[in-house]
Amino acid sequence: MQHPAPTALPPLRGRVQQEAPLAPLTWFRTGGPAELLVRPADVDDLLLLLRDRPRGLPLTVIGAASNLLLRDGGVRGIVVKLARGFSDIAVDGEGIVAGAAALDATVAEHAAAAGLAGLEFLCGIPGAIGGAVAMNAGAYGAEVKDVLDWAEVATPQGLLRLSAEELGFTYRHASLPQDGVVVRARLRAQPGEATAIAARMNAIRAAREESQPVRARTGGSTFKNPDGHKAWALIDAAGCRGLRHGDAQVSEKHCNFLLNLGTASAADLEGLGEAVRARVAAQSGVTLEWEIRRIGEQAA
Ligand SMILES: Cc1cc2nc3c(=O)[nH]c(=O)nc-3n(C[C@H](O)[C@H](O)[C@H](O)COP(=O)(O)OP(=O)(O)OC[C@H]3O[C@@H](n4cnc5c(N)ncnc54)[C@H](O)[C@@H]3O)c2cc1C
């Protein structure tokens, strides 16, 4: 197969890499390369890419890749990774305006430092703001949809500013426009007492340490909680806690997390996930739905 050359793209100021390894950018540390990895310099550069890229080339966006299972055959077309140029964080009245590449935890810390409460839930989510909007990330009773004023989304037609309502948030999902890339968001907060905010953040961090393999090669919650159920409890009841396929394992600590113990491939992890789904369906009659986004091609 002929791989597209960087010259197929409009003249960008940001970095373009051909056949770029993506595994090191992901939490699972798995997966093949991007045919073209583009790090746009800024919003204008991204808009140019979206508007003038060859139509035949598919477009994929990755953030901190903490909710992605990137398949071993890699990703065809263009992979956009937002980095410098998209990571500014500013206090804006009783809110925070953050670039899509700003890490959720850093945003929570900025809010705390400014005496703003309500964004503490972000402190333990290991993604970036673009991914938080795209996934309607949430924890400990709050979700992005509860605090989002607007998100700016770059599209092939230009830059849109969309409200929470326009983004159609549902559980771990936002309805973004076709080929839309979140570039910035304003999150609402309210004045709070510094020690109380710090105490809430410490409690969240401690609860995570206690219940999740937070330093492992993982993708976070693998399956969505089905209505009326907890995914981890169904997985546990189906006898899957600790289940292994090679170096892919269902976490002993939190059985809705899959782990790469060292040399697991994406196929090992996805195969293990499918085995878990089959066992849960057989045991409880509930079909688990993947929360982790699986992208790219299976290895040939
Ligand atoms: C240890 C651990 C704990 C976790 N705990 C939680 C938790 O408590 N709550 C929770 O909700 N999640 C949790 N997650 C999952 C993950 O951190 C969140 O889903 C996070 O919001 C994903 O952000 P990201 O930047 O890593 O996105 P990625 O994983 O890179 O991408 C996820 C999806 O968002 C899209 N996307 C990313 N950036 C953009 C953008 N700028 N514009 C448009 N689309 C974009 C991607 O195309 C993809 O479909 C956890 C993960 C881990 C590893």
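A few remarks follow.
- Look at (1) under 28 Å from Asp227 (Cβ atoms); (2) in contact with an Asp or Glu (Cβ under 9 Å, 6 or more places away or on another chain); (3) surrounded by fewer than 20 Cβ atoms within 10 Å (Cβ to Cβ); (4) not aliphatic (A, V, I, L, M) and you find that Gly127 fails only one, number (3).
- Verdict on Pro177 being of a type outside the set (A, V, I, L, M) and more than 22 Å from Glu120 (Cα to Cα): yes
- Cβ pairs under 6 Å, 6+ apart, first in region 112-130 and farther than 23 Å from Val153 by Cβ, second among the hydrophobic types (A, V, I, L, M, F, W, C) and surrounded by fewer than 20 Cβ atoms within 10 Å (Cβ to Cβ): Ala114/Val91; Gly115/Ala194; Cys123/Ala105; Cys123/Ile204; Gly124/Ile204
- Checking Leu47, Leu57 one by one, the residue that is in contact (Cβ under 8 Å) with a residue 40 or more places away in the chain, outside any strand (DSSP E or B), over 18 Å from the mean Cα position of the chain (by Cα) and over 30 Å from Glu289 (Cα atoms) is Leu47 and no other.
- Residue in region 128-139 that is more than 10 Å from the ligand (Cβ to nearest atom) and on the phi > 0 side of the Ramachandran plot present: no
- Residues being part of a strand (DSSP E or B), among the small types (Gly, Ala, Ser) and without any contact (Cβ under 8 Å) to a residue 60 or more places away in the chain - total across region 61-94: 2
- If the condition is being surrounded by 24 or more Cβ atoms within 10 Å (Cβ to Cβ) and of a type outside the set (S, T, N, Q), then region 63-74 contributes Gly63, Ala65, Leu68, Leu69, Leu70.
- Selection from region 75-87 of residues that are of a type in the set (A, V, I, L, M) and surrounded by fewer than 21 Cβ atoms within 10 Å (Cβ to Cβ): Ala83
- In region 133-176, the residues that are hydroxyl-bearing (Ser, Thr, Tyr) and under 18 Å from Ile62 (Cα atoms): Thr155, Ser175
- Residue match in region 88-110 (condition: within 15 Å of the ligand (Cβ to nearest atom), on the phi > 0 side of the Ramachandran plot and surrounded by 20 or more Cβ atoms within 10 Å (Cβ to Cβ)): no
- Per-region count, region 148-169, residues more than 13 Å from the ligand (Cβ to nearest atom) and either closer than 25 Å to Pro226 by Cα or assigned to a loop (DSSP other than H, G, I, E, B) (or both): 6
Each value in this text was obtained by applying a stated rule to the coordinates, not by laboratory testing. Quick caveat: nothing in here was measured; it's all calculated off a predicted structure. With ideal geometry, Cβ positions are generated from the backbone for all residues, glycine too; neighbour counts draw on all protein chains shown.
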